[in-house]
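Colleague: Supplied in structure tokens, the structure appears directly below.
The values are calculated or read from the model by the stated rules, or taken from the named source; none is laboratory data. Bear in mind that the values here come from a model prediction, so they are computed numbers and not experimental data. Don't worry about glycine lacking a Cβ; one is built from the backbone with ideal geometry, like all the others, and counts go over all protein chains shown. To get the accessible areas, we keep the full protein, side chains included, count just its heavy atoms, and leave off ligands, DNA and RNA. Shrake-Rupley method; radii C 1.70, N 1.55, O 1.52, S 1.80 Å.
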Amino acid sequence: METFQQGKYGSWALITGATSGIGRELARQLAANHMHIVAVGRRQARLDELAIELKAQFGVTVLSVPADLRDPLAIQAIVSSTEGLDIGLVILNAGAELTGSFVHADETAHLQLVQLNAVAPMQLAHYYGGRLAARGRGGLMFVSSLFAYQGVPYVAHYAATKAYLLSLGEALHVELKPYGVDVLVLSPGLTNTEMTANMALDFSKLPLIPQQPQQVAVAGLQALGKKATVVSGFLNKVMAWENRLLPRSTPVSLLGFLLKRALKGEIRSEGRVA
Ligand SMILES: NC(=O)c1ccc[n+]([C@@H]2O[C@H](COP(=O)([O-])OP(=O)(O)OC[C@H]3O[C@@H](n4cnc5c(N)ncnc54)[C@H](OP(=O)(O)O)[C@@H]3O)[C@@H](O)[C@H]2O)c1
């Protein structure tokens, strides 16, 4: 990837959610650019596989940090394991979805979602943003979503957590620029990963063209250092952009209609997440 300024981002990248999907692909592409990886995720076996693969293919080191980011103590464990490493790039990618009726989902599920999708990335951005600013250069990437660009009924809280990251990241892009830190919010549209494979939505009923994690990772790494935000994929860009031309309520209502139609049967009939 000729446009990726590896020198600027040092020799170590930290990636949350590196065990599958977009995070795993980001790890592969950075390793191909000779970066060592601090890989965070819950599944130890996947972290081990990643370490073996990236060592064999690219000769880089993977430091595995098994951690559940729904646990507030996980942040300290990540921080401790990276003391002494010259981390130049931090990618806050780990996330999960919660599909169905907002009020019928368990409150605990909502609290865990906001901890994983919003609180943990904020805490990691606070700590590593400070470290990168002190270092005088580096990169910080938030993985948000096309769903951040408007409220989305039936994935209401997921979309709200992604809007939080979009707002936080685009503001930090300006705040951290004088310190030489590039901040980017990468917003994927529908992408073929474990998350979407397990979602209670029939995506064939939505006007979305899926991308592969590899395409999303390229879009993010190419935009880093050039922009504050990037939406991956042409059609997704159009969808995010057209919102600016419409009354705010219009895309929300339209998505409400489309998402309700796409909910898988058992959730639609019970009105709650199974
Ligand atoms: N796929 C899409 O269509 C799409 C669209 C827009 C945005 N996104 C965003 O892209 C990001 C990556 O998702 P993906 O699509 O690549 O899905 P994925 O393949 O399911 O990957 C999710 C990653 O997050 C990690 N993770 C989940 N819960 C965690 C927890 N409690 N603690 C620590 N790590 C956790 C997973 O690792 P472990 O399971 O090993 O913990 C995994 O590595 C997410 O933030 C998602 O919201 C995805």
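Colleague: VAL103 to LEU206: extension gain in nm, 0.36 nm per residue of separation minus the Cα-Cα distance?
Modeller: Separation in residues times 0.36 nm, less the Cα-Cα distance, equals 34.7 nm.
Colleague: Per residue, how much accessible surface does region 6-270 expose to a 1.4 Å probe? Answer in Å², no decimals.
Modeller: Value returned for region 6-270: 44 Å² of accessible area per residue.
Colleague: Between TYR127, TYR154, TYR164, which gets the highest mean-square fluctuation from a Gaussian network model of the chain, Cα cutoff 10 Å?
Modeller: Evaluated over the chain, the most mobile residue of the options is TYR127.
Colleague: Tell me, which longest segment in the chain has none of the GluC sites (Glu not before Pro) that fall in DSSP loops with at most 10 further Cβ atoms within 10 Å?
Modeller: 84-274
Colleague: Now a separate question. How tilted is helix 249-262 with respect to the longest principal axis of the chain? Cα atoms for both, answer in degrees (0 to 90, nearest 10).
Modeller: Compared with the principal axis, the helix lies near 80 degrees.
Colleague: Let a ≥ b ≥ c be the square roots of the eigenvalues of the Cα gyration tensor of the chain; is it rounded (a/c under 1.5), or, if not, prolate (a/b larger than b/c) or oblate?
Modeller: prolate
Colleague: Still on this structure, I have one more. Could you work out the helix-only [θ] at 222 nm for the chain, with each DSSP H run of four or more residues adding -39,500 (n - 2.57) and the total divided by the number of residues, to the nearest 500 deg cm²/dmol?
Modeller: Result for the chain, helices only: -14000 deg cm²/dmol.
Colleague: Percent of accessible area on the chain owned by carbon and sulfur, 1.4 Å probe?
Modeller: Numbers: 7010 of 12240 Å².
Of all accessible area on the chain, carbon and sulfur atoms account for 57 percent.
Colleague: Any chance you could give the angle, 0 to 90 degrees and rounded to 10, that helix 156-176 forms with the longest Cα principal axis of the chain?
Modeller: Helix 156-176 and the main axis of the chain meet at about 40 degrees.
Colleague: If the only charges are +1 at each Lys and Arg Cβ and -1 at each Asp and Glu Cβ, what is the size of the charge dipole of the chain around the Cα centre, to the nearest 20 debye?
Modeller: 560
Colleague: If you don't mind, there's one more thing I want to ask. Would you mind telling me which residue in LEU235, LEU165, LEU190 has the biggest mean-square fluctuation in a Gaussian network model of the chain, where springs connect alpha carbons within a distance under 10 angstrom?
Modeller: LEU235
Colleague: For LYS8, give me every one of the lysines with a C-alpha distance below 18 angstrom, ignoring sequence neighbours fewer than eight places off in its own chain.
Modeller: Answer for LYS8, where 18 Å is the Cα cut-off: LYS177, LYS226, LYS227, listed by chain and number.
Colleague: Pick out which of LEU89, LEU201, LEU245 has the largest mean-square fluctuation in a Gaussian network model of the chain, springs linking Cα atoms closer than 10 Å.
Modeller: Answer for the Gaussian network model of the chain: LEU245.
Colleague: Turning to a different aspect of this structure: Which percent, to the nearest 5, of DSSP beta bridges fully inside region 6-270 are antiparallel?
Modeller: In region 6-270, DSSP labels about 5 percent of beta bridges as antiparallel.
Colleague: Per 0.36 nm of contour for each residue apart, how much would the distance between GLU53 and ASP71 grow if the chain were fully extended, relative to their Cα-Cα spacing?
Modeller: Details: separation 18, 0.36 × 18 = 6.48 nm, distance 2.82 nm.
Net length gain for the segment: 3.7 nm.
Colleague: Report, to the nearest 10°, how far helix 44-58 tilts away from the longest principal axis of the Cα atoms in the chain, using its own Cα long axis and a range of 0 to 90°.
Modeller: The answer is roughly 50 degrees.
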